[in-house]
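Take a look at the structure set out below.
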Amino acid sequence: MYRFSIDGQEWILRFSPHIEIEPEIKQAIISTILQLGKELPSYSHGESFVIMNDYLGIIVFNVEKIPSFILTVSNIVSEENWYIQNNLTLKKYKK
């Protein structure tokens, strides 16, 4: 669990228990969140958002504001697990 402040609001960043990542990766995620700046408080309680990271893949965040400002990394989906659906066809994602 990590604490950080954005725009005068104290936030807690936590990681879902099923996610096992190294401390330096967690620190990189914190740095990414701080880049959101004033956009983070605009998310409502219960909303989710994703950040696409070249190294990690898609990072899924859940926002809680009651009783505290909590941001949870609920999942990290690596690029090899991405798919694109066009019409009724599903294909593996390729850059």
Report task. Starting from the stretch 3-21, keep only residues that are touching a residue at least 60 places away in the same chain (Cβ under 8 Å), then list their pairs with residues that are part of a strand (DSSP E or B) and polar (S, T, N, Q) whose Cβ atoms are within a distance under 9 Å, requiring at least 6 positions of separation or different chains. Result -> Trp11/Ser5; Leu13/Thr72
Requested in this report: Go through the stretch 40-77 residue by residue and tally those that are part of a loop (DSSP other than H, G, I, E, B), within 16 Å of Ile29 (Cα to Cα) and either over 13 Å from the mean Cα position of the chain (by Cα) or at pLDDT 95 or above (or both).
Outcome: 2
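Take Ile21 and decide whether it is assigned to a loop (DSSP other than H, G, I, E, B), of a type in the set (Val, Ile, Thr) and surrounded by fewer than 10 Cβ atoms within 10 Å (Cβ to Cβ). Talk me through it step by step, then tell me what you get.
On the way: assigned to a loop (DSSP other than H, G, I, E, B): yes; of a type in the set (Val, Ile, Thr): yes; surrounded by fewer than 10 Cβ atoms within 10 Å (Cβ to Cβ): no.
Considered against the rule, which asks whether it is assigned to a loop (DSSP other than H, G, I, E, B), of a type in the set (Val, Ile, Thr) and surrounded by fewer than 10 Cβ atoms within 10 Å (Cβ to Cβ), Ile21 comes out as no.
The values are calculated or read from the model by the stated rules, or taken from the named source; none is laboratory data. These numbers come from a predicted model, not from an experiment. We place every Cβ from the backbone using ideal geometry, glycine too, and count neighbours over all the protein chains shown.
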